[in-house]
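See structure below.
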């Protein structure tokens, strides 16, 4: 009789320990599962936050400038008689508003949640807009060499070429580049605050000056 009691006691105790072990295993699995979900949730939140910040920055960065110019347009039509020609000329005054812009909504990027990396794939080129106000003064011409639409087209072409040269030699494009870098730095601030890495293709961006190497001068 005592042997049977001992046997049932052993079975009862084994069952107790098995249930305890099973309960512990379930707690462990639940803990791991909850931690895994929490980690995934945090990364997804960070990813969504980064995308939101990029959309907030995605605006048009514009630098504007004013250029003025006075030029004299001349055209001469020679004749078969030496010393005789039919001339036309005009004084042209140009006032132009110029803008250099970067449309940041065109930036393409990739978010790698696994490695917690934001990669800027491409940065849009600058958009230069020239709005010249051209006025003609002291227009003189002759019956055999009058001002025509072709002359006005030539003046427009000369004005635009001159303005493009002035823009290239001015600080307008440099100022626009500095403003672009200032906006892109916001990406660096966001990624750093979340413990993410910012890259441009294969290059890691760790400080503001790194952007200067990526943007065309």
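Just so you know, all these numbers are worked out from the coordinates, no wet-lab data involved. All figures in this text were calculated on a predicted structure; none of them were measured in a lab. Neighbour counts are summed over all protein chains in view; Cβ atoms, including those assigned to glycine, are modelled from backbone coordinates with ideal geometry.
Within the range 59-213, antiparallel bridges make up roughly 90 percent of the DSSP beta bridges whose residues both belong there. Which shape class applies to the range 85-214: rounded if a/c is under 1.5, otherwise prolate when a/b exceeds b/c and oblate if not, where a ≥ b ≥ c are the square roots of the Cα gyration tensor eigenvalues? Because a/c hits 1.5 or more and a/b exceeds b/c, the range 85-214 counts as prolate. Between residue 145 and residue 95, the distance separating the two model label sites (each 7 Å from Cα on the Cα→Cβ line) works out to 3.2 nm. With R₀ fixed at 30 Å, the C-beta to C-beta distance from residue 69 to residue 207 puts the FRET efficiency at about 0.15.
The ranking of 71, 188 by Cβ neighbour count inside 10 Å, starting from the fewest, reads 71, 188.
With a 10 Å Cβ neighbour count serving as the proxy for reagent exposure, in which order, fewest first, do 173, 55 appear?
Details: 173 18, 55 11.
Least crowded to most crowded, the residues run 55, 173.
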